[in-house]
Amino acid sequence: MAIRRPLKLHSGNLRDMTTTDVDLIVDEVIRQYGQSPSVELTVNAGNGNLNPLTENRATAGAMATGTSPWPTADPTSLTTVTYENTVQSLNNTTFPYRTGKVYSNYSYPIYRNASGNIQSMNKTDVYDTFIAPALAKLVLSSTTQEDQAGTYFISTNASESGATQVSTTPIAADTNADIAAFSVGSLPETLDQSVGVNNFFLHRIDAVAGVNYINPVTMKLDTNDLISTPKTHFGTMMQDLINHHAAQTIRYNYFVSTNTTFGVARGTGITDTYTTGSTTRFEQPAPNTYYAQNVPSGTPTVQSTFFLRIGTV
(Lines give C-alpha, C1' and ligand atoms only; values in the text may rest on other atoms or scores of the structure.)
Protein backbone atom coordinates (compact mmCIF):
# COMPACT_ATOMS: atom_id res chain seq x y z
CA MET A 1 0.00 0.00 0.00
CA ALA A 2 1.13 3.54 -0.79
CA ILE A 3 -0.39 5.61 2.01
CA ARG A 4 0.96 9.15 1.81
CA ARG A 5 1.06 12.09 4.21
CA PRO A 6 -0.35 15.03 2.20
CA LEU A 7 0.94 18.53 2.71
CA LYS A 8 -1.10 21.46 3.99
CA LEU A 9 -0.48 25.19 4.32
CA HIS A 10 0.16 26.40 7.85
CA SER A 11 0.98 30.10 8.34
CA GLY A 12 2.22 30.22 4.76
CA ASN A 13 4.46 27.17 5.19
CA LEU A 14 4.09 23.58 3.99
CA ARG A 15 3.44 21.09 6.77
CA ASP A 16 2.72 17.37 6.78
CA MET A 17 -0.88 16.60 7.57
CA THR A 18 -1.58 14.80 10.82
CA THR A 19 -3.46 11.52 11.03
CA THR A 20 -6.48 13.50 12.21
CA ASP A 21 -6.22 15.74 9.15
CA VAL A 22 -6.22 12.73 6.84
CA ASP A 23 -9.10 11.08 8.71
CA LEU A 24 -11.19 14.23 8.23
CA ILE A 25 -10.55 14.09 4.48
CA VAL A 26 -11.74 10.47 4.53
CA ASP A 27 -14.89 11.72 6.28
CA GLU A 28 -15.32 14.28 3.48
CA VAL A 29 -14.93 11.54 0.87
CA ILE A 30 -17.77 9.64 2.56
CA ARG A 31 -19.87 12.81 2.65
CA GLN A 32 -19.28 13.30 -1.07
CA TYR A 33 -20.39 9.74 -1.74
CA GLY A 34 -23.52 10.29 0.34
CA GLN A 35 -24.52 13.22 -1.84
CA SER A 36 -24.47 11.16 -5.03
CA PRO A 37 -23.88 7.41 -4.53
CA SER A 38 -22.83 5.37 -7.55
CA VAL A 39 -24.32 2.08 -6.31
CA GLU A 40 -28.02 2.81 -6.10
CA LEU A 41 -30.96 0.80 -4.82
CA THR A 42 -34.43 1.73 -6.03
CA VAL A 43 -37.84 0.11 -5.68
CA ASN A 44 -39.71 -1.13 -8.75
CA ALA A 45 -42.41 -3.65 -7.88
CA GLY A 46 -41.91 -6.95 -9.67
CA ASN A 47 -38.81 -5.81 -11.56
CA GLY A 48 -36.03 -6.23 -9.02
CA ASN A 49 -32.63 -7.74 -9.79
CA LEU A 50 -31.58 -8.83 -6.28
CA ASN A 51 -32.34 -12.22 -4.77
CA PRO A 52 -36.13 -12.65 -4.41
CA LEU A 53 -37.77 -12.45 -1.00
CA THR A 54 -40.54 -14.90 -0.13
CA GLU A 55 -43.17 -14.92 2.59
CA ASN A 56 -45.75 -17.54 3.47
CA ARG A 57 -49.07 -17.63 5.27
CA ALA A 58 -51.42 -20.47 6.13
CA THR A 59 -54.64 -20.90 4.16
CA ALA A 60 -57.69 -23.06 4.79
CA GLY A 61 -58.34 -26.33 3.01
CA ALA A 62 -61.36 -26.77 0.76
CA MET A 63 -64.58 -27.56 2.64
CA ALA A 64 -65.89 -31.14 2.44
CA THR A 65 -69.63 -31.90 2.20
CA GLY A 66 -71.32 -35.19 3.12
CA THR A 67 -74.67 -36.75 4.01
CA SER A 68 -73.40 -38.35 7.19
CA PRO A 69 -70.96 -37.13 9.83
CA TRP A 70 -68.26 -36.20 9.20
CA PRO A 71 -66.68 -35.82 5.76
CA THR A 72 -62.89 -35.65 5.52
CA ALA A 73 -61.75 -32.13 4.66
CA ASP A 74 -58.61 -31.14 2.77
CA PRO A 75 -55.69 -30.07 4.97
CA THR A 76 -54.59 -26.47 5.36
CA SER A 77 -51.72 -25.32 3.17
CA LEU A 78 -49.34 -22.42 2.64
CA THR A 79 -49.62 -19.71 0.04
CA THR A 80 -46.31 -18.12 -0.98
CA VAL A 81 -45.78 -14.54 -2.13
CA THR A 82 -42.54 -13.64 -3.90
CA TYR A 83 -41.18 -10.09 -3.80
CA GLU A 84 -38.71 -8.90 -6.44
CA ASN A 85 -38.92 -5.17 -5.86
CA THR A 86 -35.34 -3.97 -5.29
CA VAL A 87 -33.25 -2.77 -8.25
CA GLN A 88 -29.47 -2.34 -7.96
CA SER A 89 -27.85 -0.07 -10.53
CA LEU A 90 -24.24 1.01 -11.02
CA ASN A 91 -23.14 4.47 -12.17
CA ASN A 92 -19.74 6.13 -12.74
CA THR A 93 -18.12 2.89 -13.80
CA THR A 94 -15.62 4.66 -16.10
CA PHE A 95 -12.53 6.09 -14.45
CA PRO A 96 -12.92 9.89 -14.01
CA TYR A 97 -10.30 11.38 -16.30
CA ARG A 98 -9.63 15.10 -15.94
CA THR A 99 -10.82 16.41 -19.28
CA GLY A 100 -13.72 18.79 -18.76
CA LYS A 101 -13.60 18.51 -14.98
CA VAL A 102 -13.60 21.49 -12.64
CA TYR A 103 -10.36 20.16 -11.17
CA SER A 104 -8.68 19.54 -14.54
CA ASN A 105 -5.91 22.09 -13.79
CA TYR A 106 -5.08 20.66 -10.36
CA SER A 107 -2.84 17.73 -9.53
CA TYR A 108 -3.66 15.17 -6.91
CA PRO A 109 -2.49 16.29 -3.43
CA ILE A 110 1.26 16.68 -2.99
CA TYR A 111 3.43 15.02 -0.37
CA ARG A 112 7.04 14.83 0.74
CA ASN A 113 8.69 11.68 -0.62
CA ALA A 114 11.37 9.57 1.08
CA SER A 115 14.08 11.84 -0.34
CA GLY A 116 12.42 14.91 1.08
CA ASN A 117 11.30 16.16 -2.32
CA ILE A 118 7.78 17.31 -3.08
CA GLN A 119 5.75 15.36 -5.59
CA SER A 120 2.13 14.75 -6.50
CA MET A 121 0.27 11.63 -5.49
CA ASN A 122 -0.60 9.19 -8.26
CA LYS A 123 -3.90 7.32 -8.59
CA THR A 124 -2.72 4.48 -6.36
CA ASP A 125 -1.57 6.90 -3.66
CA VAL A 126 -4.95 8.67 -3.63
CA TYR A 127 -6.82 5.37 -3.53
CA ASP A 128 -4.75 3.97 -0.66
CA THR A 129 -4.75 7.20 1.36
CA PHE A 130 -8.34 8.41 0.98
CA ILE A 131 -10.58 6.10 -1.04
CA ALA A 132 -9.84 2.66 0.45
CA PRO A 133 -10.42 3.82 4.05
CA ALA A 134 -13.71 5.42 2.97
CA LEU A 135 -14.85 2.25 1.21
CA ALA A 136 -14.00 0.19 4.31
CA LYS A 137 -16.30 2.37 6.43
CA LEU A 138 -19.11 2.44 3.89
CA VAL A 139 -19.58 -1.34 4.07
CA LEU A 140 -19.69 -1.70 7.85
CA SER A 141 -22.90 -2.90 9.52
CA SER A 142 -23.52 0.42 11.29
CA THR A 143 -25.80 3.06 9.77
CA THR A 144 -24.28 6.41 10.76
CA GLN A 145 -24.34 9.54 8.62
CA GLU A 146 -20.63 10.11 9.25
CA ASP A 147 -19.44 6.71 8.05
CA GLN A 148 -22.15 5.11 5.86
CA ALA A 149 -23.68 8.04 3.95
CA GLY A 150 -25.22 7.02 0.64
CA THR A 151 -25.66 3.38 1.59
CA TYR A 152 -28.87 1.54 2.43
CA PHE A 153 -30.67 -0.35 5.17
CA ILE A 154 -34.08 -1.90 5.85
CA SER A 155 -36.60 -0.75 8.46
CA THR A 156 -40.23 -1.44 9.31
CA ASN A 157 -40.60 2.31 9.88
CA ALA A 158 -41.60 4.63 7.08
CA SER A 159 -39.37 7.35 8.56
CA GLU A 160 -35.89 7.05 10.06
CA SER A 161 -33.73 9.82 11.54
CA GLY A 162 -30.74 10.69 9.36
CA ALA A 163 -32.04 8.76 6.38
CA THR A 164 -34.43 9.12 3.44
CA GLN A 165 -37.11 6.58 2.57
CA VAL A 166 -36.42 5.42 -0.98
CA SER A 167 -40.04 4.54 -1.80
CA THR A 168 -43.39 4.25 -0.07
CA THR A 169 -43.68 0.86 -1.79
CA PRO A 170 -42.26 -1.77 0.59
CA ILE A 171 -39.53 -4.10 -0.63
CA ALA A 172 -41.48 -6.94 1.05
CA ALA A 173 -44.28 -7.58 3.53
CA ASP A 174 -45.00 -10.14 6.22
CA THR A 175 -48.61 -11.34 6.48
CA ASN A 176 -50.34 -14.01 8.54
CA ALA A 177 -53.54 -15.98 8.36
CA ASP A 178 -56.31 -14.07 10.11
CA ILE A 179 -56.87 -16.63 12.87
CA ALA A 180 -59.76 -14.68 14.39
CA ALA A 181 -61.61 -14.47 11.07
CA PHE A 182 -61.17 -18.19 10.42
CA SER A 183 -62.64 -19.10 13.82
CA VAL A 184 -66.07 -17.46 13.44
CA GLY A 185 -68.91 -17.34 10.98
CA SER A 186 -70.58 -19.99 8.87
CA LEU A 187 -68.81 -22.47 6.66
CA PRO A 188 -67.39 -22.41 4.11
CA GLU A 189 -64.57 -20.08 5.13
CA THR A 190 -62.77 -18.15 2.39
CA LEU A 191 -59.54 -20.08 1.83
CA ASP A 192 -57.17 -17.11 2.09
CA GLN A 193 -57.87 -14.56 4.82
CA SER A 194 -54.85 -12.52 5.82
CA VAL A 195 -53.78 -9.81 8.21
CA GLY A 196 -50.67 -7.65 7.86
CA VAL A 197 -47.77 -8.00 10.28
CA ASN A 198 -45.04 -5.73 8.90
CA ASN A 199 -44.01 -3.84 5.82
CA PHE A 200 -40.29 -3.48 5.13
CA PHE A 201 -38.99 -0.24 3.65
CA LEU A 202 -35.71 0.70 2.00
CA HIS A 203 -33.86 3.75 3.38
CA ARG A 204 -30.74 5.58 2.22
CA ILE A 205 -28.47 7.19 4.80
CA ASP A 206 -28.15 10.95 4.42
CA ALA A 207 -24.81 12.75 4.22
CA VAL A 208 -23.80 15.12 7.01
CA ALA A 209 -24.09 18.82 6.24
CA GLY A 210 -20.33 19.36 6.15
CA VAL A 211 -16.91 18.23 7.35
CA ASN A 212 -14.41 20.71 8.77
CA TYR A 213 -11.36 19.38 6.97
CA ILE A 214 -8.17 21.15 5.85
CA ASN A 215 -7.60 21.44 2.12
CA PRO A 216 -4.52 19.57 0.92
CA VAL A 217 -2.02 21.41 -1.24
CA THR A 218 -1.97 20.60 -4.95
CA MET A 219 -0.05 21.85 -7.96
CA LYS A 220 -1.66 23.97 -10.66
CA LEU A 221 -0.74 22.12 -13.80
CA ASP A 222 -0.48 25.17 -16.08
CA THR A 223 1.84 27.17 -13.80
CA ASN A 224 3.36 24.57 -11.42
CA ASP A 225 2.27 26.80 -8.53
CA LEU A 226 1.49 25.13 -5.23
CA ILE A 227 -1.96 26.02 -3.97
CA SER A 228 -4.42 25.00 -1.28
CA THR A 229 -7.04 23.26 -3.40
CA PRO A 230 -10.41 25.07 -3.62
CA LYS A 231 -12.87 22.97 -1.63
CA THR A 232 -15.40 22.73 -4.45
CA HIS A 233 -12.69 21.42 -6.80
CA PHE A 234 -11.25 18.96 -4.31
CA GLY A 235 -14.71 17.77 -3.26
CA THR A 236 -15.68 17.06 -6.85
CA MET A 237 -12.40 15.23 -7.44
CA MET A 238 -12.99 13.01 -4.41
CA GLN A 239 -16.62 12.41 -5.33
CA ASP A 240 -15.65 11.24 -8.82
CA LEU A 241 -13.02 8.90 -7.43
CA ILE A 242 -15.09 7.37 -4.63
CA ASN A 243 -18.03 6.91 -6.99
CA HIS A 244 -15.87 5.11 -9.53
CA HIS A 245 -14.28 2.77 -7.01
CA ALA A 246 -17.56 2.12 -5.16
CA ALA A 247 -19.19 1.12 -8.45
CA GLN A 248 -16.40 -1.40 -8.96
CA THR A 249 -16.61 -2.94 -5.50
CA ILE A 250 -19.77 -2.28 -3.41
CA ARG A 251 -22.72 -4.61 -3.87
CA TYR A 252 -25.99 -5.44 -2.08
CA ASN A 253 -28.15 -8.54 -1.97
CA TYR A 254 -30.72 -10.35 0.15
CA PHE A 255 -29.75 -13.52 2.00
CA VAL A 256 -31.45 -15.73 4.56
CA SER A 257 -30.07 -15.12 8.04
CA THR A 258 -28.16 -18.41 8.07
CA ASN A 259 -26.16 -17.34 4.99
CA THR A 260 -23.36 -15.06 6.15
CA THR A 261 -20.96 -15.69 3.28
CA PHE A 262 -21.27 -12.17 1.86
CA GLY A 263 -20.79 -8.84 3.58
CA VAL A 264 -22.71 -7.70 6.64
CA ALA A 265 -26.42 -7.32 7.45
CA ARG A 266 -27.99 -3.90 7.25
CA GLY A 267 -31.01 -2.92 9.32
CA THR A 268 -34.08 -4.89 10.30
CA GLY A 269 -34.45 -8.54 9.42
CA ILE A 270 -37.19 -9.31 6.90
CA THR A 271 -39.25 -11.90 8.75
CA ASP A 272 -41.57 -14.59 7.43
CA THR A 273 -44.06 -15.58 10.14
CA TYR A 274 -46.86 -18.08 9.85
CA THR A 275 -48.71 -20.68 11.86
CA THR A 276 -48.35 -24.39 11.26
CA GLY A 277 -51.37 -25.33 13.37
CA SER A 278 -54.88 -26.12 12.14
CA THR A 279 -58.34 -26.82 13.51
CA THR A 280 -61.23 -28.74 11.92
CA ARG A 281 -64.50 -26.86 12.03
CA PHE A 282 -67.80 -28.70 11.66
CA GLU A 283 -71.26 -27.52 10.68
CA GLN A 284 -74.64 -29.17 9.98
CA PRO A 285 -76.72 -26.71 7.93
CA ALA A 286 -79.51 -29.28 7.24
CA PRO A 287 -80.63 -32.64 8.70
CA ASN A 288 -78.66 -34.72 6.18
CA THR A 289 -75.96 -32.20 5.24
CA TYR A 290 -72.62 -32.10 7.01
CA TYR A 291 -69.70 -29.70 6.48
CA ALA A 292 -66.10 -30.03 7.59
CA GLN A 293 -63.25 -27.61 6.90
CA ASN A 294 -59.69 -27.36 8.18
CA VAL A 295 -58.66 -23.78 9.01
CA PRO A 296 -55.40 -22.25 10.33
CA SER A 297 -55.12 -21.89 14.08
CA GLY A 298 -52.52 -21.29 16.75
CA THR A 299 -49.94 -18.53 17.17
CA PRO A 300 -47.83 -17.51 14.16
CA THR A 301 -44.08 -17.64 14.74
CA VAL A 302 -41.03 -16.52 12.77
CA GLN A 303 -40.09 -19.31 10.39
CA SER A 304 -37.25 -17.56 8.54
CA THR A 305 -35.54 -14.17 8.32
CA PHE A 306 -33.80 -12.48 5.41
CA PHE A 307 -31.37 -9.55 5.59
CA LEU A 308 -30.16 -6.95 3.16
CA ARG A 309 -26.39 -7.40 3.12
CA ILE A 310 -23.71 -5.01 1.88
CA GLY A 311 -20.19 -6.05 0.95
CA THR A 312 -17.40 -5.78 -1.58
CA VAL A 313 -16.61 -7.90 -4.61
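For this structure, a couple of remarks:
- Where Asn47 falls short, out of the listed (1) part of a loop (DSSP other than H, G, I, E, B); (2) within 27 Å of the chain's Cα centre (by Cα); (3) surrounded by 15 or more Cβ atoms within 10 Å (Cβ to Cβ); (4) not hydroxyl-bearing (Ser, Thr, Tyr): (3)
- Of the residues making up region 147-169, not one is in contact (Cβ under 8 Å) with a residue 60 or more places away in the chain, exposed (fewer than 15 other Cβ atoms within 10 Å of the Cβ) and within 13 Å of the chain's Cα centre (by Cα).
- Thr289 at pLDDT below 95, farther than 19 Å from Thr80 by Cβ and polar (S, T, N, Q): no
- Scanning region 182-236 for residues being under 30 Å from Ala45 (Cα atoms), under 36 Å from the mean Cα position of the chain (by Cα) and not charged (D, E, K, R) gives a total of 14.
- Scanning region 50-102 for residues that are in a loop (DSSP other than H, G, I, E, B), exposed (fewer than 15 other Cβ atoms within 10 Å of the Cβ) and in contact with an Asp or Glu (Cβ under 6 Å, 6 or more places away or on another chain) returns Pro52, Ala62.
- Among residues of region 170-184 that are without any contact (Cβ under 8 Å) to a residue 40 or more places away in the chain, those with a Cβ under 6 angstrom from a residue that is β-branched (Val, Ile, Thr) and surrounded by fewer than 16 Cβ atoms within 10 Å (Cβ to Cβ), sequence gap 6+ or separate chain, pair up as Asp178/Val195.
- Qualifying residue in region 221-237 (condition: touching a Lys or Arg at 6+ places or on another chain (Cβ under 9 Å), of a type in the set (A, V, I, L, M) and in a helix (DSSP H, G or I)): yes
- Unmet criterion (only one of (1) buried (at least 16 other Cβ atoms within 10 Å of the Cβ); (2) not in a strand (DSSP E or B)) for Ile270: (2)
- Region 84-95 residues that are hydrophobic (A, V, I, L, M, F, W, C), paired with ones that are part of a loop (DSSP other than H, G, I, E, B) (beta carbon under 7 Å, 6 or more apart): Val87/Asn44; Val87/Asn47; Val87/Gly48; Val87/Asn49; Leu90/Ser38
- Qualifying residue in region 124-146 (condition: more than 23 Å from the chain's Cα centre (by Cα), in contact (Cβ under 8 Å) with a residue 24 or more places away in the chain and assigned to a strand (DSSP E or B)): no
The values are calculated or read from the model by the stated rules, or taken from the named source; none is laboratory data. Just so it is clear, the model here is predicted, and its values are computed rather than measured. As a convention, Cβ positions derive from the backbone with ideal geometry for all residues, glycine included, and neighbour counts pool all protein chains shown.
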